[in-house]
Structure formats: structure tokens, C-alpha cells
Amino acid sequence: MSFSANTDAVGGGDETVVLEGRFEIGAQDWVYLPVDVPEGVREIAVAYGYDRPEPPAGLPGNALDIGIFDERGHGVPDGPGFRGWSGGARDSFVIGRTQATPGYVPGPVNAGTWHILLGPYTVAPQGMTYRVEVTLRRDTPQSGRTESGRTDADFVPCPAPARAHGRGPSWYRGDLHMHTVHSDGQLEPAELAAAARDAGLDFIVSTEHNTCSAAGIWGHHASDDLLIIVGEEVTTRNGHLVAAGLTEGSWIDWRFRAADGLLPATVGEIHRQGGIAIAAHPFAPCLGCAWKYGFDDVDAIEVWNGDWTPDDEVSLRAWDAALVAAGRAGRWLPAVGSSDFHGGEDRVGLGQTVVRAEALTREAILAGVRAGHSYLTGSSEVEMEFSARGAGHVAGIGGRLCLPWDAPVTLDVAVRGAPEGFVRFVTDKGAVAQLETGGEGTATWTTTAAASHYVRVEVRRPHAAMTHFEPMVALTNPIFLDTGA
């Protein structure tokens, strides 16, 4: 990599630093460009660009991500110097004491060495030439206002409350993976909150790519009928991790690959904050999106991501295959569903996770997700009940039923809002029974603990033309059948 810098004075005592350089194929993941910020700077404005030659057929073109760290440094994982990230979603941003471009954190612009972070996501065989312009806008003593006309006062965060008005112990619907303009989404936070209410959701998780900037404003858009949980989509080069339930102002470092062995420490930090870690879209076909870390450290797997597609079907089957050994060991990973909403043709709540929780609070919702007391669907119109009964005991979704190995177990399913669907019972042997729900929307099947280590349910529609699987309507986490006295 080559790099050069020069500084030009501009009107009003402001100055612009120009940083130029070049990347070749095989460039390191993260490059830090130093910018010396003197006393008296009010705002930092950054704009960047890079060349995009047509690559040879079958090879990716140039793509360059960007972020920034302030004078407190960039070397400590999850350190205080982080001031924002937009990846490749925008070509300029501004950070000031009062406000900042979405994706970036407002606050003091202190003197010292700041660092522009560049991430060459892909580099074409022809290489990549980039140019970064950093304009340092100074204080104007005769005016206490920014160029936008607002008073240049400190930004005051307004985080979302950890509780909304719920129904006590109940089933709550939510979307665990969503984006706004604070990363690469198209909606403002207020618009996303309104869309969530229209979709019949009780809670959402804000998961911007590699930034915590939205956490400071969600309190303006929360209400008694919508719980907003702060999170982050930790977007690494080897897969994406949804961190749900972070504390306001914190961020989870994404600057690692699977070979670095840092995932356990990353998940440990998420847990320290009271959150959970979800492997996102593990078989997504986009570059860098597929999950390469294994599943030993995460709390759940995102099996349903947006429209039900072949990679969701693969995720489902891989998760199902892991249930056998994991269930016997006593620890298993629940499945979750999310929309991964960005905008356009995406739909909020497709998919969604319906969680059995003690209350509509951040702590209770995350506990229900972690325990697997949930089912997945693509619409608030679909409701499910699923239970197992035998030897005088009853267990629900995510539970365990302990009974003699040969005692009969009756599985009862009730489905509402899916008149054209059919119910498929799935065990460690595979899909063992397929029943029409009928006019009442109910189905019953009988097995034993000897024959079925676990049972879960899928509700599907007959497959469409040109597909090799039936479109998913809903699916549950399993009920485990354990042998005992």
C-alpha cells in the first residue's frame, strides 16, 4: 500500500487534509490514516472516493469501507476512541459536538491524532487508488451556532427504555435484525419504528453494521407499545454476528477473522453487557456473509432471514442436524427469524421471532430467545401452539419432557392464520409425519422418547413452481423427549 498526505488552508481559518494512496490485491483488512487535529476544531468533515475499473469476468470490483477513531486511539478492542463507521454506505460524513452524520457519534472534537479507518473490502486485479479529504472546521467565537443553524451544545443521548407496557407472561413478536440510515438502511429510525408497529410487532432490535450511533436516539421513538432493544451487526470478513441487548454507547469490535480466535472474547463482552450473540444468515451467498466461526460460542442461529430462500433452507437443515448431539449434551442452540430489513422490497417482520417471555422487557425477551421458548414465522397473522404430553407431564416449545422410554407422547399443534398450510413433524430421524391442519387448524401425532429424541414442527405451503422446497409459513424450536424414571 502506498500513502501520501498534504494540507491546504481554506476560507475562515479551516483547513483540508488530503490523504491519497493505493491498494493492491492482498491488502490488509484495516488501514489507519493519521490526521492531526489542532485545538479549536468544531467539526470534522470527511469525503472519500476511489477508482472502480471494470474487473475481469468473474472477479469482484473495488469496494472500500470507511470509519473513524478519535484521539483516544484505535488499538484497544471496543475502546473509547471509536466515533463511527459507515462501511460503503455513504461517501462523506461530518462529526461535531452537537450532531453527526448517521453512523457516527456526536461529541467533542478534541485535539490530537485522529485516524481514518479504511477497509478494502475487495480489490480488483488492477488495484485501487483512493483519495480522502478531511476538512477541519474551526470555532467561530462570534457565533455560537453551527452552519446548520443549531446551537453548538453538547449532544445529549436519549436511549430507549428497557421496558415497554406488555401483557405480563405472554407471547411477544419481534424482529431481531434491522437497519436504518445509521448504516445501510433506507428508513429513518422513526419510520422503522412506525413500520414495526404496522407489522404488529411488540419489539425490535436495532442492529446497525459496526456502529453504535443509533443507540443514543432510540429513546425518541420508543413507546409503551414497542420495546426497542439496542444491538449491532458485527460485520466481519468471515461472517456476521447479531449482538442483541447492548448497553447504550457501547460497541462491539468487528476487526477480526475466524483464524484470529477472538470470537469467544467478543461473545464474552456481549454477555457481560447482558446481551446475546446470534450467528446471522450463516449460509448467505454474499461475499463475507457466510458464517465461518462454528457455533460453539453463540447463543442462537438465525435460520430465517427475510424471504424464505434456498440459503434459509440450508441453514434450517444444518441447524436441525446439530440438534441431535447438542440436545443430548444438554446445551442446544435455538433458531431465530429476522427480516434483516434494509428497505426496498424488504418487509419488516419477515421473518420474525415470537417469544414466550415473562414481560415485555429487554431482559425477559432476551432470556426467552436464549432459552428457545419461541417460534418463527413471516407474518403477525400466524399464531402457533405446540406442546407435548405424556406420563402425566406437559412441555412446551423449547422445553423437555422426561418420561419412560416407551411411554406414549402426544404432540398437539394448533395453527391460526395459515389456512393453506400443512404441518410437518420433524424429529432426529427427519420429517416423520405430514398432516393437513384441516378446518380447525390443529394436528396431533404420537411418538415415544425411544423413537424421537426431539420433535419440532414446520408449517409450510405446497411448493411453488421451479423450487425444490415448500415455502415456510412457521417453524418452532424443538421439544426434547428425555428418558427417565
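Here are the numbers for this structure:
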{"read-out": "Cubic angstrom per residue, convex hull over Cα atoms of the chain", "value": "151"}
{"read-out": "Under the Debye formula (equal points on every Cα, no solvent term), log10 I(q)/I(0) of segment 245-290 at q = 0.14, 0.18, 0.28, 0.31 Å⁻¹", "value": "-0.40, -0.65, -1.12, -1.17"}
{"read-out": "Placed amide H near residue 407: partners under 5 Å, 5+ positions off or other chain", "value": "449"}
{"read-out": "Inter-centroid distance (Cα atoms) of segment 270-335 relative to segment 89-120, Å", "value": "33"}
{"read-out": "Segment 64-129 shape via C-alpha gyration tensor axes, a/c threshold 1.5", "value": "prolate"}
{"read-out": "Whole-Hz couplings from phi, Karplus 6.51/-1.76/1.60, listed for segment 312-321; x for Gly and Pro", "value": "5, 4, 5, 4, 4, 5, 5, 4, 4, 4"}
{"read-out": "Packing-based order for 399-409, 200-210, using average beta carbon neighbours within 10 Å, highest first", "value": "200-210, 399-409"}
{"read-out": "Using θ = phi - 60° and Karplus 6.51 cos²θ - 1.76 cosθ + 1.60, couplings along segment 55-70 (whole Hz; Gly, Pro as x)", "value": "x, x, 4, x, 10, x, x, 6, 8, 10, 8, 8, x, 7, 10, 8"}
{"read-out": "Residue 112 long-range amide H proximity, modeled H, under 5 Å", "value": "37"}
{"read-out": "Largest to smallest principal axis extent of the C-alpha atoms in segment 222-348, angstrom", "value": "41, 35, 31"}
{"read-out": "Cα gyration tensor shape of segment 359-485, rounded if a/c is under 1.5, else prolate or oblate by comparing a/b with b/c", "value": "oblate"}
{"read-out": "Folded to 0 to 90 degrees: helix 263-272 orientation relative to the chain principal axis, Cα", "value": "80"}
{"read-out": "J(HN,Hα) series, segment 155-166, from Karplus relation 6.51 cos²θ - 1.76 cosθ + 1.60, nearest Hz, glycine and proline x", "value": "6, 10, x, 10, x, 6, x, 7, 9, 10, 7, x"}
{"read-out": "Share antiparallel - DSSP beta bridges, segment 202-315, percent rounded to 5", "value": "60"}
{"read-out": "C-alpha center-to-center spacing [segment 341-385, segment 210-228] in angstrom", "value": "17"}
{"read-out": "Isolated Cys residues of the chain, judged by Cβ distance under 4.7 Å to other cysteines", "value": "158, 212, 402"}
{"read-out": "At R0 = 25 Å, FRET efficiency that the Cβ-Cβ distance of residue 153 and residue 92 yields, to 0.05", "value": "0.55"}
{"read-out": "Helix 362-371 vs. the chain, principal-axis angle (Cα, 0 to 90°, nearest 10)", "value": "50"}
{"read-out": "Amide H contacts of residue 66 (H built 1.01 Å from N, under 5 Å, at least 5 apart or other chain)", "value": "86, 87, 88, 119"}
{"read-out": "Three-way shape label, segment 181-291, alpha-carbon gyration tensor, a/c 1.5", "value": "prolate"}
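We did not get these values from a lab; they are worked out from the coordinates using the rules stated. Small disclaimer: the values here were computed from a predicted structure and weren't measured. When we count neighbours, we look across all protein chains shown, and the Cβ atoms used for this are built from the backbone with ideal geometry, even at glycine.
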